[in-house]
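As structure tokens, the structure follows; a few thoughts come after it.
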Amino acid sequence: MLYCQHGIRDEAKGSAWSQEADGLSVRAVMMPCSSKIEVPYVLRILESGADAVEIVACPEQSCKLLTGSLRAAKRVEYIRDLLKQIGYAPERVGISHRLSQKPDELIEIAGARADAVRAFGANPMKTGEEK
Amino acid sequence: MIFAEWKPIDELIERLKVHRKVLLVGCATCVAECAAGGEKEVETLAPLLHMGLQKQGYTVEIVTATLEKQCEWEFVEQLAEQAAQVDAMMSIACGIGVQALAERFDPMPVYPGVNTSALTIREEAGLWTARCAACGDCVLGETFGYCPVARCAKSLLNGPCGGTRKNGKCEVNEDVDCVWNLIVERAYERGQIESIGKLKGTKNWSNSGHGGPKRVIREDLRQ
């Protein structure tokens, strides 16, 4: 999970943290703005075996940098199109628009993304297959 | 800038699947400006190819490099060490860069990752339009700075074809301006409409691709 710094309320978590719960393993990294999430970052995460990537950006009308979350949403669409071209489920990358979430709320968002890709199985980088 | 676009990913995977380790090479000049072959695109395409190949059952390692200019031998030479570690290269520079790698690292296979298609300007973010056709006989001085060779669908040199839409767009593509409409409007603005009424003779195409492969010698620059 890559989230905008404004997406979390409890900064005690630090800029990068991991949490495991109910069979879900989440690695979260805070970004200065969702617009700083470049396409290669997301693809490298999937290449390394993550089953899905969730981006948490500010609501489009509340972005502190005005168009940051809009840019992030466009990049997600672009990445999804690239994934389709190699036979990956585009749902493996998603975006949520939230502000000031508690860490547990971010985990819930990650869980929703995990649920969305469960039907496709594990990342083909681990199994070689996409269901 | 020289404009290029990625080839279909399937085509690239088909090329690379027979290899063990591939060097994907970008160029930080024109193809970076058109978001096809710069460092960011190299680092986007590399994991994408790796994942696509792996999904089809092919284990191919993709390593990356981006040169400042892939069309200059001094920069190409910087790849020598990495080239010794791979069994193929894929270049996402223009066709000049691909050929430079193929010549320097012969007999290693060097595949193009992009199709080079035009000489363009970036009009705004995410929009490029053709502005030059490298025709070898520039007429811009007579056409008020608009190129009818690159920007007219029929490369007409003596006025519009008659298919100009009422809104000044080209009959071939409603999103494209009829360049002859632009030329005429600018001629009126400058009070020089009579200057474009003069019939232009047959264009000399021999200084472009029509005259055979270009070869230029400047003795003052040779060693």
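Scanning the range B:164-223 for residues that are of a type in the set (A, V, I, L, M, F, W, C), part of a helix (DSSP H, G or I) and closer than 26 Å to B:GLY141 by Cα yields B:VAL179, B:TRP180, B:LEU182, B:ILE183, B:VAL184, B:ALA187, B:ILE193, B:ILE196.
Listed here are the residues, each with its yes/no results for (1) away from chain A (no Cβ under 11 Å); (2) in contact with a helix residue (DSSP H, G or I) (Cβ under 7 Å, 6 or more places away or on another chain); (3) surrounded by 23 or more Cβ atoms within 10 Å (Cβ to Cβ); (4) of a type in the set (A, V, I, L, M).
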{"residue": "B:MET1", "(1), (2), (3), (4)": "yes, yes, no, yes"}
{"residue": "B:GLU5", "(1), (2), (3), (4)": "yes, no, no, no"}
{"residue": "B:PRO8", "(1), (2), (3), (4)": "no, no, no, no"}
{"residue": "B:GLY26", "(1), (2), (3), (4)": "yes, yes, yes, no"}
{"residue": "B:GLY37", "(1), (2), (3), (4)": "yes, yes, yes, no"}
{"residue": "B:VAL42", "(1), (2), (3), (4)": "no, no, yes, yes"}
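Of the helices (runs of 4 or more DSSP H) lying entirely inside the range A:26-120, the ones with 1 or more residues being within 13 Å of chain B (Cβ to nearest Cβ) and among the aliphatic types (A, V, I, L, M) are found at A:39-47, A:68-85. Restricting the range B:62-85 to residues that are surrounded by 14 or more Cβ atoms within 10 Å (Cβ to Cβ) and not hydrophobic (A, V, I, L, M, F, W, C), the residue that is farthest from the other protein chains (Cβ to nearest Cβ) is B:GLU72.
Across the range B:44-75, the number of residues qualifying as in a loop (DSSP other than H, G, I, E, B) and in contact with a helix residue (DSSP H, G or I) (Cβ under 6 Å, 6 or more places away or on another chain) comes to 5.
Being of a type in the set (Lys, Arg), modelled with pLDDT of 95 or more and surrounded by fewer than 17 Cβ atoms within 10 Å (Cβ to Cβ) holds for only one residue in B:ARG151, B:ARG186, and it is B:ARG186. So which of B:VAL18, B:VAL22, B:VAL31 ends up being of a type outside the set (Phe, Trp, Tyr) and assigned to a strand (DSSP E or B)? Answer to the selection: B:VAL22.
The values are calculated or read from the model by the stated rules, or taken from the named source; none is laboratory data. Keep in mind the model is a prediction, meaning the values are calculated, not measured. Don't worry about glycine lacking a Cβ; one is built from the backbone with ideal geometry, like all the others, and counts go over all protein chains shown.
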